[in-house]
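This report refers to the structure that appears directly beneath it.
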Amino acid sequence: MPVEGPVVRDGGVLIRDGVIEAVGRERDLPPCDDAPVTDMGDAVLIPGLVDAHCHLEWALMGGLVPDARFGEWLGSFVRRTAEVTPADREAAARYGALMALRHGTTTLADSGPSGFGVGAATAAGLRAVVHMEIFGRDSGAEAREKVTRHGEAVLAARDAAGPRVRVGVSPHSPYTVGPALWAEVLADPILGAGSVATHVAESPDEVMLLDGGVGPLVDAIRSVGRDPARWPGGGPGVISRLDAGGALAPGLIAAHCVQVDEGDAAVLADHDVRVVHCPHSNMRLECGDAPIEMLEALGVTVGLGTDSPASAGAYDMRDEARWAAEVAARRGARPVAADMLAMATMGSARVLGMDDQLGSLVPGKRADIVAIRPAEDAPLEADPQLAVLDPRAKVVAAWVDGQQVLDADGAVLLDGPAIVAGATEARDRIM
Ligand SMILES: [Zn+2]
(Lines give C-alpha, C1' and ligand atoms only; values in the text may rest on other atoms or scores of the structure.)
Protein backbone atom coordinates (compact mmCIF):
# COMPACT_ATOMS: atom_id res chain seq x y z
CA MET A 1 0.00 0.00 0.00
CA PRO A 2 2.31 2.75 -1.23
CA VAL A 3 -0.17 5.60 -0.36
CA GLU A 4 1.14 7.41 -3.42
CA GLY A 5 0.00 5.18 -6.26
CA PRO A 6 -2.34 2.19 -6.41
CA VAL A 7 -2.36 -0.71 -3.98
CA VAL A 8 -0.20 -3.56 -5.26
CA ARG A 9 -1.40 -7.12 -4.75
CA ASP A 10 1.32 -9.66 -3.85
CA GLY A 11 3.61 -6.68 -3.55
CA GLY A 12 7.18 -6.32 -2.47
CA VAL A 13 9.70 -3.61 -1.69
CA LEU A 14 13.34 -3.76 -2.71
CA ILE A 15 15.57 -1.91 -0.26
CA ARG A 16 19.19 -0.99 -0.76
CA ASP A 17 21.30 0.99 1.72
CA GLY A 18 18.20 2.07 3.65
CA VAL A 19 16.49 3.47 0.57
CA ILE A 20 13.54 2.08 -1.39
CA GLU A 21 14.90 0.99 -4.75
CA ALA A 22 11.77 -0.53 -6.23
CA VAL A 23 8.12 -1.20 -5.35
CA GLY A 24 5.81 -3.51 -7.28
CA ARG A 25 4.59 -7.03 -7.63
CA GLU A 26 7.13 -9.22 -5.93
CA ARG A 27 7.76 -11.31 -9.02
CA ASP A 28 8.34 -8.17 -11.12
CA LEU A 29 10.97 -6.65 -8.80
CA PRO A 30 14.51 -6.44 -10.20
CA PRO A 31 16.70 -9.44 -9.34
CA CYS A 32 18.53 -9.06 -6.05
CA ASP A 33 20.49 -12.26 -5.52
CA ASP A 34 22.72 -10.64 -2.92
CA ALA A 35 19.85 -9.39 -0.73
CA PRO A 36 18.07 -11.33 2.02
CA VAL A 37 14.32 -11.78 1.47
CA THR A 38 11.80 -11.31 4.27
CA ASP A 39 8.40 -12.82 3.52
CA MET A 40 5.69 -11.11 5.56
CA GLY A 41 3.00 -13.54 4.46
CA ASP A 42 -0.46 -12.00 4.31
CA ALA A 43 0.57 -8.71 5.95
CA VAL A 44 0.04 -5.35 4.24
CA LEU A 45 3.10 -3.11 3.86
CA ILE A 46 2.37 0.58 4.43
CA PRO A 47 4.65 3.59 4.85
CA GLY A 48 5.66 4.05 8.48
CA LEU A 49 3.09 6.22 10.25
CA VAL A 50 4.17 9.81 10.97
CA ASP A 51 2.90 11.36 14.21
CA ALA A 52 3.21 15.09 13.59
CA HIS A 53 2.43 16.19 17.17
CA CYS A 54 2.85 14.30 20.42
CA HIS A 55 4.27 14.66 23.93
CA LEU A 56 6.32 11.63 24.97
CA GLU A 57 7.09 13.03 28.43
CA TRP A 58 3.37 12.84 29.32
CA ALA A 59 3.01 9.17 28.36
CA LEU A 60 2.06 8.21 31.92
CA MET A 61 -0.58 10.92 32.51
CA GLY A 62 -3.50 8.92 31.10
CA GLY A 63 -6.57 9.16 33.32
CA LEU A 64 -4.86 11.48 35.81
CA VAL A 65 -6.14 14.83 34.53
CA PRO A 66 -9.95 14.94 34.49
CA ASP A 67 -11.60 15.80 31.17
CA ALA A 68 -13.00 19.33 31.24
CA ARG A 69 -13.25 22.32 28.95
CA PHE A 70 -9.79 23.34 27.83
CA GLY A 71 -9.08 26.20 30.27
CA GLU A 72 -10.03 24.17 33.30
CA TRP A 73 -8.21 21.09 32.01
CA LEU A 74 -5.01 23.10 31.49
CA GLY A 75 -5.05 24.29 35.09
CA SER A 76 -5.41 20.70 36.34
CA PHE A 77 -2.73 19.53 33.91
CA VAL A 78 -0.17 22.14 35.01
CA ARG A 79 -0.77 21.41 38.70
CA ARG A 80 -0.62 17.63 38.16
CA THR A 81 2.51 17.60 35.98
CA ALA A 82 4.38 20.02 38.26
CA GLU A 83 4.74 17.10 40.69
CA VAL A 84 6.31 14.77 38.11
CA THR A 85 10.08 14.41 38.56
CA PRO A 86 12.53 14.52 35.64
CA ALA A 87 13.36 10.84 36.20
CA ASP A 88 9.69 9.92 35.87
CA ARG A 89 9.30 12.09 32.74
CA GLU A 90 12.29 10.27 31.25
CA ALA A 91 10.77 6.87 32.05
CA ALA A 92 7.54 8.12 30.49
CA ALA A 93 9.28 9.27 27.31
CA ARG A 94 10.90 5.85 26.86
CA TYR A 95 7.54 4.16 27.39
CA GLY A 96 5.86 6.59 24.96
CA ALA A 97 8.43 5.84 22.25
CA LEU A 98 7.86 2.10 22.79
CA MET A 99 4.09 2.58 22.46
CA ALA A 100 4.47 4.67 19.31
CA LEU A 101 6.69 2.07 17.68
CA ARG A 102 4.37 -0.80 18.61
CA HIS A 103 1.50 1.10 17.00
CA GLY A 104 3.43 1.45 13.74
CA THR A 105 4.80 4.97 14.06
CA THR A 106 8.27 5.26 12.55
CA THR A 107 8.59 9.07 12.68
CA LEU A 108 7.26 11.36 15.37
CA ALA A 109 7.37 15.05 16.25
CA ASP A 110 7.63 15.36 20.01
CA SER A 111 7.27 18.45 22.18
CA GLY A 112 8.33 18.54 25.80
CA PRO A 113 9.90 20.69 28.49
CA SER A 114 13.01 18.54 28.99
CA GLY A 115 13.88 16.94 25.66
CA PHE A 116 13.72 13.39 27.00
CA GLY A 117 12.20 12.44 23.66
CA VAL A 118 15.72 12.64 22.19
CA GLY A 119 17.09 9.68 24.11
CA ALA A 120 13.80 7.78 23.89
CA ALA A 121 13.50 8.06 20.10
CA THR A 122 17.21 7.43 19.54
CA ALA A 123 17.16 4.23 21.60
CA ALA A 124 14.05 2.92 19.83
CA GLY A 125 15.53 3.55 16.37
CA LEU A 126 12.70 5.97 15.56
CA ARG A 127 13.02 8.97 13.30
CA ALA A 128 12.03 12.07 15.26
CA VAL A 129 11.99 15.82 15.59
CA VAL A 130 12.04 16.77 19.26
CA HIS A 131 10.86 20.30 20.04
CA MET A 132 12.14 21.60 23.36
CA GLU A 133 9.49 23.82 24.90
CA ILE A 134 10.11 27.39 26.03
CA PHE A 135 7.69 29.52 28.06
CA GLY A 136 7.52 33.12 29.25
CA ARG A 137 6.50 36.73 28.83
CA ASP A 138 10.10 37.98 28.95
CA SER A 139 11.27 40.87 26.79
CA GLY A 140 14.52 42.71 26.10
CA ALA A 141 17.72 41.40 27.66
CA GLU A 142 15.83 38.83 29.74
CA ALA A 143 14.27 37.31 26.65
CA ARG A 144 17.61 37.21 24.85
CA GLU A 145 19.26 35.57 27.85
CA LYS A 146 16.50 32.94 28.14
CA VAL A 147 16.71 32.17 24.41
CA THR A 148 20.50 31.88 24.54
CA ARG A 149 20.26 29.39 27.41
CA HIS A 150 17.59 27.46 25.54
CA GLY A 151 19.80 27.35 22.44
CA GLU A 152 22.59 25.85 24.53
CA ALA A 153 20.21 23.16 25.79
CA VAL A 154 19.13 22.42 22.21
CA LEU A 155 22.76 22.12 21.10
CA ALA A 156 23.50 19.72 23.95
CA ALA A 157 20.45 17.66 22.98
CA ARG A 158 21.62 17.59 19.37
CA ASP A 159 24.98 16.23 20.52
CA ALA A 160 23.17 13.40 22.33
CA ALA A 161 20.78 12.64 19.47
CA GLY A 162 21.22 9.74 17.09
CA PRO A 163 21.42 10.35 13.34
CA ARG A 164 17.65 9.99 12.85
CA VAL A 165 16.73 12.52 15.54
CA ARG A 166 16.64 16.28 15.02
CA VAL A 167 16.13 18.80 17.81
CA GLY A 168 14.09 21.99 17.44
CA VAL A 169 12.17 24.39 19.63
CA SER A 170 8.57 24.94 20.67
CA PRO A 171 7.34 28.29 21.89
CA HIS A 172 4.50 26.50 23.68
CA SER A 173 1.49 28.66 22.73
CA PRO A 174 0.42 32.31 22.35
CA TYR A 175 -0.99 32.29 25.90
CA THR A 176 2.24 31.02 27.49
CA VAL A 177 4.80 32.82 25.26
CA GLY A 178 4.63 36.55 24.61
CA PRO A 179 5.50 38.30 21.35
CA ALA A 180 8.93 39.53 22.48
CA LEU A 181 10.19 36.10 23.55
CA TRP A 182 8.65 34.48 20.46
CA ALA A 183 10.47 36.99 18.23
CA GLU A 184 13.76 36.25 20.00
CA VAL A 185 13.26 32.53 19.37
CA LEU A 186 12.71 33.09 15.64
CA ALA A 187 15.66 35.52 15.41
CA ASP A 188 18.05 33.21 17.24
CA PRO A 189 20.61 31.64 14.85
CA ILE A 190 20.30 28.21 16.51
CA LEU A 191 16.60 28.02 17.34
CA GLY A 192 15.21 30.00 14.42
CA ALA A 193 17.10 27.90 11.88
CA GLY A 194 15.68 24.60 13.13
CA SER A 195 12.21 23.12 13.33
CA VAL A 196 9.68 25.24 15.26
CA ALA A 197 6.39 23.88 16.63
CA THR A 198 3.59 25.32 18.73
CA HIS A 199 -0.06 24.98 19.81
CA VAL A 200 -2.33 27.52 18.14
CA ALA A 201 -6.03 28.45 18.07
CA GLU A 202 -6.88 25.31 20.01
CA SER A 203 -9.84 26.30 22.19
CA PRO A 204 -12.55 28.95 22.53
CA ASP A 205 -10.90 29.72 25.89
CA GLU A 206 -7.66 30.68 24.10
CA VAL A 207 -9.61 33.08 21.88
CA MET A 208 -11.33 34.62 24.94
CA LEU A 209 -7.95 35.08 26.61
CA LEU A 210 -6.25 36.70 23.63
CA ASP A 211 -9.17 38.86 22.54
CA GLY A 212 -10.56 39.90 25.89
CA GLY A 213 -8.15 38.88 28.64
CA VAL A 214 -10.90 36.86 30.30
CA GLY A 215 -12.14 33.32 30.71
CA PRO A 216 -11.20 30.04 32.37
CA LEU A 217 -7.77 29.88 30.73
CA VAL A 218 -6.83 33.20 32.36
CA ASP A 219 -8.02 31.85 35.71
CA ALA A 220 -6.07 28.61 35.20
CA ILE A 221 -2.80 30.39 34.42
CA ARG A 222 -3.23 32.81 37.36
CA SER A 223 -4.02 29.84 39.65
CA VAL A 224 -0.49 28.53 39.10
CA GLY A 225 1.03 31.90 39.91
CA ARG A 226 1.65 33.16 36.39
CA ASP A 227 0.16 35.74 34.05
CA PRO A 228 -1.04 34.87 30.56
CA ALA A 229 0.83 36.25 27.58
CA ARG A 230 -1.00 38.85 25.48
CA TRP A 231 -0.72 39.79 21.80
CA PRO A 232 -1.98 43.36 21.50
CA GLY A 233 -1.75 43.74 17.70
CA GLY A 234 -4.09 42.32 15.08
CA GLY A 235 -7.22 40.58 16.21
CA PRO A 236 -9.81 39.52 16.68
CA GLY A 237 -8.79 35.90 16.74
CA VAL A 238 -5.55 34.09 17.36
CA ILE A 239 -4.08 33.79 13.86
CA SER A 240 -4.34 37.50 13.01
CA ARG A 241 -2.70 38.41 16.33
CA LEU A 242 0.19 36.01 15.70
CA ASP A 243 0.49 37.38 12.17
CA ALA A 244 0.60 40.96 13.44
CA GLY A 245 3.22 39.91 15.98
CA GLY A 246 5.44 38.35 13.31
CA ALA A 247 5.11 34.89 14.85
CA LEU A 248 4.09 32.94 11.76
CA ALA A 249 7.47 31.78 10.49
CA PRO A 250 7.51 29.72 7.28
CA GLY A 251 7.39 26.02 8.11
CA LEU A 252 5.95 26.62 11.59
CA ILE A 253 4.20 23.45 12.81
CA ALA A 254 0.91 24.56 14.37
CA ALA A 255 -0.96 21.92 16.35
CA HIS A 256 -4.78 22.10 16.58
CA CYS A 257 -5.90 25.24 14.62
CA VAL A 258 -9.54 24.63 15.52
CA GLN A 259 -10.55 28.27 15.98
CA VAL A 260 -9.83 29.42 12.42
CA ASP A 261 -11.94 30.93 9.65
CA GLU A 262 -11.27 31.25 5.93
CA GLY A 263 -9.30 34.46 6.39
CA ASP A 264 -7.08 32.73 8.94
CA ALA A 265 -6.58 29.78 6.60
CA ALA A 266 -5.42 32.11 3.83
CA VAL A 267 -2.92 33.69 6.25
CA LEU A 268 -1.65 30.26 7.31
CA ALA A 269 -1.26 29.18 3.68
CA ASP A 270 0.52 32.44 2.76
CA HIS A 271 3.07 31.90 5.52
CA ASP A 272 3.41 28.15 4.85
CA VAL A 273 2.34 27.40 8.42
CA ARG A 274 1.49 23.69 8.60
CA VAL A 275 -1.39 22.38 10.70
CA VAL A 276 -1.51 19.23 12.80
CA HIS A 277 -5.02 17.85 13.32
CA CYS A 278 -5.47 16.34 16.82
CA PRO A 279 -9.15 15.32 16.72
CA HIS A 280 -9.26 13.07 19.80
CA SER A 281 -7.78 15.69 22.13
CA ASN A 282 -9.92 18.44 20.59
CA MET A 283 -13.06 16.43 21.28
CA ARG A 284 -12.11 15.48 24.84
CA LEU A 285 -11.31 19.09 25.83
CA GLU A 286 -14.40 20.62 24.16
CA CYS A 287 -12.22 22.58 21.77
CA GLY A 288 -14.41 21.95 18.73
CA ASP A 289 -13.45 20.44 15.44
CA ALA A 290 -10.73 21.73 13.12
CA PRO A 291 -12.13 22.59 9.65
CA ILE A 292 -9.71 20.33 7.81
CA GLU A 293 -11.44 20.36 4.42
CA MET A 294 -11.55 24.18 4.41
CA LEU A 295 -7.89 24.47 5.44
CA GLU A 296 -6.78 22.05 2.73
CA ALA A 297 -8.98 23.73 0.10
CA LEU A 298 -7.23 27.03 0.86
CA GLY A 299 -3.79 25.47 0.48
CA VAL A 300 -2.81 24.66 4.07
CA THR A 301 -0.75 21.50 4.63
CA VAL A 302 -2.47 19.24 7.19
CA GLY A 303 -1.10 16.22 9.05
CA LEU A 304 -2.24 14.16 12.01
CA GLY A 305 -0.99 13.97 15.60
CA THR A 306 -1.86 12.01 18.73
CA ASP A 307 -1.02 14.69 21.35
CA SER A 308 -0.69 12.71 24.60
CA PRO A 309 -2.61 10.35 26.89
CA ALA A 310 -3.21 13.35 29.19
CA SER A 311 -5.92 14.44 26.75
CA ALA A 312 -6.17 11.72 24.08
CA GLY A 313 -4.94 8.25 23.16
CA ALA A 314 -1.59 6.55 23.55
CA TYR A 315 0.47 7.34 20.41
CA ASP A 316 -1.72 5.17 18.18
CA MET A 317 -1.95 6.88 14.79
CA ARG A 318 -4.45 4.40 13.39
CA ASP A 319 -6.72 5.18 16.35
CA GLU A 320 -6.23 8.91 15.72
CA ALA A 321 -7.10 8.37 12.03
CA ARG A 322 -10.34 6.71 13.14
CA TRP A 323 -11.05 9.74 15.34
CA ALA A 324 -10.37 11.99 12.35
CA ALA A 325 -12.93 10.01 10.37
CA GLU A 326 -15.40 10.16 13.24
CA VAL A 327 -15.29 13.93 13.66
CA ALA A 328 -15.28 14.46 9.88
CA ALA A 329 -18.46 12.42 9.60
CA ARG A 330 -20.07 14.45 12.39
CA ARG A 331 -19.36 17.72 10.56
CA GLY A 332 -20.96 16.34 7.43
CA ALA A 333 -17.85 15.47 5.45
CA ARG A 334 -17.61 12.03 3.89
CA PRO A 335 -14.34 10.64 5.18
CA VAL A 336 -12.78 7.71 3.38
CA ALA A 337 -10.13 5.50 4.91
CA ALA A 338 -7.64 6.18 2.12
CA ASP A 339 -7.69 9.92 2.93
CA MET A 340 -7.27 9.27 6.65
CA LEU A 341 -4.28 6.99 6.00
CA ALA A 342 -2.79 9.58 3.62
CA MET A 343 -3.10 12.28 6.31
CA ALA A 344 -1.33 9.97 8.81
CA THR A 345 1.56 9.38 6.41
CA MET A 346 2.06 11.84 3.52
CA GLY A 347 0.18 14.68 5.21
CA SER A 348 2.26 14.47 8.37
CA ALA A 349 5.48 14.05 6.36
CA ARG A 350 4.65 17.30 4.52
CA VAL A 351 4.00 19.04 7.84
CA LEU A 352 7.49 18.03 8.98
CA GLY A 353 9.03 19.06 5.65
CA MET A 354 10.18 15.48 5.12
CA ASP A 355 7.85 14.36 2.32
CA ASP A 356 10.80 13.99 -0.05
CA GLN A 357 12.04 11.19 2.26
CA LEU A 358 8.96 9.79 4.03
CA GLY A 359 5.25 9.23 3.88
CA SER A 360 4.91 6.88 0.93
CA LEU A 361 6.53 3.79 -0.52
CA VAL A 362 8.12 5.08 -3.70
CA PRO A 363 11.65 4.58 -5.05
CA GLY A 364 14.17 7.05 -3.64
CA LYS A 365 12.49 7.51 -0.27
CA ARG A 366 13.83 6.14 3.00
CA ALA A 367 12.77 2.55 3.66
CA ASP A 368 10.46 3.38 6.61
CA ILE A 369 7.90 0.60 6.36
CA VAL A 370 5.30 -1.03 8.60
CA ALA A 371 3.74 -4.45 8.16
CA ILE A 372 0.14 -4.80 9.32
CA ARG A 373 -1.79 -8.05 9.45
CA PRO A 374 -5.48 -7.39 8.76
CA ALA A 375 -8.26 -9.28 10.48
CA GLU A 376 -9.17 -12.41 8.56
CA ASP A 377 -12.67 -11.17 7.76
CA ALA A 378 -11.66 -7.56 6.95
CA PRO A 379 -12.83 -6.20 3.57
CA LEU A 380 -9.32 -6.25 2.17
CA GLU A 381 -10.37 -6.46 -1.47
CA ALA A 382 -13.14 -3.85 -1.27
CA ASP A 383 -11.40 -1.23 0.89
CA PRO A 384 -7.83 -2.19 1.80
CA GLN A 385 -7.20 1.09 3.64
CA LEU A 386 -10.23 0.46 5.85
CA ALA A 387 -8.89 -3.01 6.60
CA VAL A 388 -5.57 -1.46 7.64
CA LEU A 389 -7.28 1.08 9.91
CA ASP A 390 -9.55 -1.59 11.43
CA PRO A 391 -8.63 -1.81 15.15
CA ARG A 392 -8.42 -5.59 14.84
CA ALA A 393 -5.52 -5.34 12.39
CA LYS A 394 -2.15 -5.88 14.08
CA VAL A 395 1.14 -4.10 13.55
CA VAL A 396 3.62 -6.99 13.21
CA ALA A 397 6.86 -5.39 12.00
CA ALA A 398 8.49 -2.05 11.28
CA TRP A 399 11.65 -0.85 9.57
CA VAL A 400 13.37 2.54 9.63
CA ASP A 401 16.03 3.19 6.99
CA GLY A 402 15.56 -0.49 6.11
CA GLN A 403 16.64 -1.52 9.60
CA GLN A 404 14.08 -3.68 11.37
CA VAL A 405 13.07 -1.94 14.61
CA LEU A 406 9.95 -3.98 15.45
CA ASP A 407 9.25 -7.69 15.04
CA ALA A 408 6.76 -10.20 16.42
CA ASP A 409 8.60 -10.18 19.78
CA GLY A 410 8.46 -6.38 20.14
CA ALA A 411 10.88 -3.50 19.74
CA VAL A 412 14.12 -4.93 18.38
CA LEU A 413 16.52 -2.34 19.81
CA LEU A 414 14.83 -1.90 23.20
CA ASP A 415 14.55 -3.91 26.39
CA GLY A 416 10.76 -3.67 26.38
CA PRO A 417 10.16 -5.37 29.75
CA ALA A 418 12.68 -3.02 31.44
CA ILE A 419 10.97 0.03 29.92
CA VAL A 420 7.55 -1.20 31.04
CA ALA A 421 8.91 -1.92 34.54
CA GLY A 422 10.41 1.59 34.74
CA ALA A 423 7.15 3.10 33.53
CA THR A 424 5.15 1.07 36.06
CA GLU A 425 7.27 2.34 38.93
CA ALA A 426 7.05 5.92 37.64
CA ARG A 427 3.28 5.67 37.25
CA ASP A 428 2.99 4.41 40.83
CA ARG A 429 4.86 7.50 42.03
CA ILE A 430 2.84 9.88 39.85
CA MET A 431 -0.57 8.54 40.91
ZN1 LIG B 1 0.04 19.18 22.31
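The values are calculated or read from the model by the stated rules, or taken from the named source; none is laboratory data. Keep in mind the model is a prediction, meaning the values are calculated, not measured. Methodologically, a virtual Cβ is constructed for each residue, glycine included, from the backbone with ideal geometry; neighbour enumeration extends over all protein chains shown.
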Positions within the stretch 315-348 being assigned to a loop (DSSP other than H, G, I, E, B) and hydroxyl-bearing (S, T, Y), in sequence order
Y315
So D205, is it modelled with pLDDT of 95 or more and crowded, with 24+ Cβ neighbours inside 10 Å
yes
Since E206 meets every condition but one in (1) over 30 Å from A128 (Cα atoms); (2) in a helix (DSSP H, G or I), which condition does it not meet?
(1)
Flagged in the stretch 109-126 as touching a strand residue (DSSP E or B) at 6+ places or on another chain (Cβ under 7 Å), within 16 Å of the ligand (Cβ to nearest atom) and touching a residue at least 60 places away in the same chain (Cβ under 8 Å), in numbering order, are A109, S111, G117
Residue in the stretch 71-81 that is assigned to a loop (DSSP other than H, G, I, E, B) and within 13 Å of the ligand (Cβ to nearest atom) present
no
Tell me, yes or no, whether the stretch 175-186 has at least one residue that is surrounded by fewer than 23 Cβ atoms within 10 Å (Cβ to Cβ), without any contact (Cβ under 8 Å) to a residue 24 or more places away in the chain, away from the ligand (no atom under 16 Å from the Cβ) and more than 23 Å from A82 (Cβ to Cβ).
no
Scan the stretch 26-58 for residues that are more than 16 Å from the ligand (Cβ to nearest atom) and either more than 16 Å from L98 (Cα to Cα) or among the small types (G, A, S) (or both) and report the count.
23
Hits in the stretch 356-371 - residues which are part of a loop (DSSP other than H, G, I, E, B) and not hydroxyl-bearing (S, T, Y)
D356, Q357, L358, G359, L361, V362, P363, G364, K365, A367, D368
Meets criteria (in a loop (DSSP other than H, G, I, E, B) and either within 16 Å of the ligand (Cβ to nearest atom) or of a type in the set (K, R) (or both)) for M61:
yes
State whether the residues of the stretch 348-364 include one that is within 15 Å of the ligand (Cβ to nearest atom) and in contact with an Asp or Glu (Cβ under 9 Å, 6 or more places away or on another chain).
yes
Of G225, G194, G235, the only residue that is surrounded by fewer than 24 Cβ atoms within 10 Å (Cβ to Cβ), modelled with pLDDT of 95 or more and part of a loop (DSSP other than H, G, I, E, B) is G194
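To keep it simple, each residue is scored yes or no on (1) touching a helix residue (DSSP H, G or I) at 6+ places or on another chain (Cβ under 6 Å); (2) away from the ligand (no atom under 16 Å from the Cβ); (3) touching a residue at least 60 places away in the same chain (Cβ under 8 Å).
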{"position": "D205", "(1), (2), (3)": "yes, no, yes"}
{"position": "L210", "(1), (2), (3)": "yes, yes, no"}
{"position": "I221", "(1), (2), (3)": "no, yes, yes"}
{"position": "W231", "(1), (2), (3)": "yes, yes, no"}
{"position": "A255", "(1), (2), (3)": "no, no, yes"}
{"position": "D261", "(1), (2), (3)": "no, yes, no"}
Suppose we filter the stretch 159-205 for residues that are polar (S, T, N, Q) and touching an Asp or Glu at 6+ places or on another chain (Cβ under 6 Å); how many remain?
1
Residue list for the stretch 191-238, filter: of a type in the set (S, T, Y) and under 27 Å from R350 (Cβ atoms):
S195, T198, S203
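Conditions tested, residue by residue: (1) touching a His at 6+ places or on another chain (Cβ under 9 Å); (2) in a helix (DSSP H, G or I); (3) modelled with pLDDT of 95 or more.
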{"residue": "R350", "(1), (2), (3)": "no, yes, yes"}
{"residue": "M354", "(1), (2), (3)": "no, no, yes"}
{"residue": "A382", "(1), (2), (3)": "no, no, no"}
{"residue": "A387", "(1), (2), (3)": "no, yes, yes"}
{"residue": "V395", "(1), (2), (3)": "yes, no, yes"}
{"residue": "V405", "(1), (2), (3)": "no, no, yes"}
{"residue": "L413", "(1), (2), (3)": "no, no, yes"}
{"residue": "R427", "(1), (2), (3)": "no, yes, yes"}
Looking at A398, A382, A418, which is the one that is aliphatic (A, V, I, L, M), under 27 Å from A337 (Cβ atoms) and surrounded by fewer than 19 Cβ atoms within 10 Å (Cβ to Cβ)?
A382
Members of the stretch 147-172 found to be among the polar types (S, T, N, Q) and surrounded by fewer than 23 Cβ atoms within 10 Å (Cβ to Cβ), listed by number:
T148
Out of A68, A35, A52, which single residue is outside any strand (DSSP E or B), of a type outside the set (D, E) and within 30 Å of L252 (Cβ to Cβ)?
A68
Please verify whether V258 is in contact with a His (Cβ under 6 Å, 6 or more places away or on another chain) and within 17 Å of A52 (Cβ to Cβ), treating the condition exactly as stated.
no
Right, V154: touching a helix residue (DSSP H, G or I) at 6+ places or on another chain (Cβ under 8 Å), hydrophobic (A, V, I, L, M, F, W, C) and at pLDDT 95 or above or not?
no
Consider the stretch 269-314. How many of its residues are buried (at least 21 other Cβ atoms within 10 Å of the Cβ) and not in a loop (DSSP other than H, G, I, E, B)?
14
